[in-house]
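**Q** A single structure is presented below for examination.
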Amino acid sequence: MTFPIEKFKEIQTPFYYYDKALLSETLDTIKREAGKYPGFKVHYAVKANVDPIILNLINQSGLGCDCVSGGEVDVCLKAGFPASKIVFAGVGKADWEINQALEAGIACFNVESIPELEVINQLAAAKDKIARVAIRVNPNVDPHTHKYITTGLDENKFGISMSVLPDVLDLALTLRNIKVTGLHFHIGSQLLDLEPFSILCSRINDLQNMVETRGIRLESINVGGGLGCDYDNPDENPIPDFAAFFANYAKLLKLRPGQELHFELGRSVVCQCGSLITRVLYVKEGLRKKFVILDAGMSDLIRPALYQAHHKIQNLTAAEGSVETYDVVGPICESSDVFGTDEQLPETHRGDIFALRSAGAYGQIMSSNYNCRRTPASVVL
Ligand code: LLP
């Protein structure tokens, strides 16, 4: 990726920079690859990034959206997504959030527990509406990813376990204002290996057989998101391998005639198009180490502190020159405010502009005002 560095020099750092051309290319790839299989429908997991320009591009490309709060449903409706393309998940939907979604007429609630199913039924009855729901099931597949972004194991705050699905379906059949339209799954995030998705397919094939014995015909299966990005080599792999991802599902999942397969992709859509742009405040000589102190910290990009994630660090000002070893840190009063240790970088000076790459997903949206700092702005070019 080439960065408009002269422009960056005029802008107050830190800020998130988004490359619209890369996002468009990514969306075109998703459309092309998913479009090869009838019934494949992609919803963008809005939690990854809600920048209005990004949402607008995603909406124009025809994707739907996957929301996890009333706030996200609101943002999507305001961005122009039709309610019929909005699905709403989350373990703790408040009554006002359910009511708002019922009023808007969203496509589907992804339901995560029996009490939630009962509350949605009550609230829908009060409005004389039928709520369309997909039951979220934990397929007990280990995605081999960070424990904070693992969600599909048997016992989890998310979804219900496979063993209680029959009971939940039997209950749902008695609820007059609920229509079960599908099953929902999501095993985890940042998966680079397709194997866990393959195991998911075989679990779903078994569950579909069981569901049909209860006389329920599912309109759709929703396999969530999870496709990972190459954080180490963003320039070599700017677009995740959507072709292999969709082909794997097409090969392994036994969809019924006319049945839709839904995806909720977040990271893979927006990760590589975003970078956190920051300036070097100081280069500090320690006893044994040299520290590059940036004006961006964990309040701007929390992933390294929270998940031990590593975002490629690039000195855009001194792209070449003799290489030195630095620890790259932020200004926040926390020892975990570190973006990289023993980073090999060109000799760095105060005022140099750095890019923390692959920050388009779960970057800006997770920023905070910790230490009374301003949240970073976005620049879309
Ligand atoms: N569907 C459900 C039900 C989810 O929980 C998630 C993400 C997605 C879809 C989208 O998954 P993706 O395609 O982005 O992997 N903040 C963490 C990631 C948290 C993911 C939460 N759920 C991070 O920065 O790595």
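**Q** Could you grab the pairs with beta carbons closer than 9 Å, sequence gap of 6+ or different chains, first residue in the stretch 22-44 and open to solvent by 60 Å² or more (accessible area, probe 1.4 Å), second one of a type in the set (Phe, Trp, Tyr)?
**A** Filtered contacts from the stretch 22-44: 32/242; 36/246; 41/263.
**Q** Condition first: open to solvent by 40 Å² or more (accessible area, probe 1.4 Å), under 20 Å from residue 268 (Cα atoms) and of a type in the set (Val, Ile, Thr). Now tell me which residues in the stretch 352-381 satisfy that.
**A** 365, the sole residue that qualifies.
**Q** How many of the residues in the stretch 352-380 are away from the ligand (no atom under 16 Å from the Cβ) and either in the same structural domain as residue 48 (by TED's automatic domain parsing) or in a strand (DSSP E or B) (or both)?
**A** 7
**Q** Hey, could you check the stretch 138-176 for residues that are at pLDDT 90 or above and within 13 Å of the ligand (Cβ to nearest atom) and say which is nearest to residue 93 (Cα to Cα)?
**A** 159
**Q** Can you spot a residue in the stretch 218-228 that is farther than 30 Å from residue 313 by Cα, assigned by TED's automatic domain parsing to the domain that holds residue 141, surrounded by fewer than 22 Cβ atoms within 10 Å (Cβ to Cβ) and more than 25 Å from the chain's Cα centre (by Cα)?
**A** Yes, the stretch 218-228 contains a residue that is farther than 30 Å from residue 313 by Cα, assigned by TED's automatic domain parsing to the domain that holds residue 141, surrounded by fewer than 22 Cβ atoms within 10 Å (Cβ to Cβ) and more than 25 Å from the chain's Cα centre (by Cα).
**Q** Looking only at residues that are among the polar types (S, T, N, Q) and away from the ligand (no atom under 16 Å from the Cβ) in the stretch 177-208, which one is surrounded by the most Cβ atoms within 10 Å (Cβ to Cβ)?
**A** 181
**Q** To continue, here is another question. Could you go through the stretch 326-339 and let me know if any residue there is more than 10 Å from residue 294 (Cα to Cα) and within 16 Å of the ligand (Cβ to nearest atom).
**A** Yes; the residues of the stretch 326-339 include at least one that is more than 10 Å from residue 294 (Cα to Cα) and within 16 Å of the ligand (Cβ to nearest atom).
**Q** So if I check each of 236, 212, which one is farther than 18 Å from residue 36 by Cβ and either open to solvent by less than 40 Å² (accessible area, probe 1.4 Å) or assigned to a loop (DSSP other than H, G, I, E, B) (or both)?
**A** Just one listed residue meets the conditions, 236.
**Q** Can we say residue 255 is touching a residue at least 60 places away in the same chain (Cβ under 8 Å) and part of a strand (DSSP E or B)?
**A** Against the criterion (touching a residue at least 60 places away in the same chain (Cβ under 8 Å) and part of a strand (DSSP E or B)), residue 255 does not qualify.
**Q** Still on this model: So, in the stretch 333-351, how many residues would count as being open to solvent by 10 Å² or more (accessible area, probe 1.4 Å) and in a loop (DSSP other than H, G, I, E, B)?
**A** 8
**Q** Report, by residue number, each residue of the stretch 272-313 that is within 19 Å of residue 373 (Cα to Cα), open to solvent by 10 Å² or more (accessible area, probe 1.4 Å) and assigned to a strand (DSSP E or B).
**A** Scanning the stretch 272-313 gives 279, 281, 282, 293.
The values are calculated or read from the model by the stated rules, or taken from the named source; none is laboratory data. All figures in this text were calculated on a predicted structure; none of them were measured in a lab. Note: ideal-geometry Cβ built from the backbone for every residue, glycine included; neighbour counts use all protein chains shown. Surface areas here come from the heavy atoms of the whole protein model, side chains and all, with no ligands, DNA or RNA. Shrake-Rupley method; radii C 1.70, N 1.55, O 1.52, S 1.80 Å.
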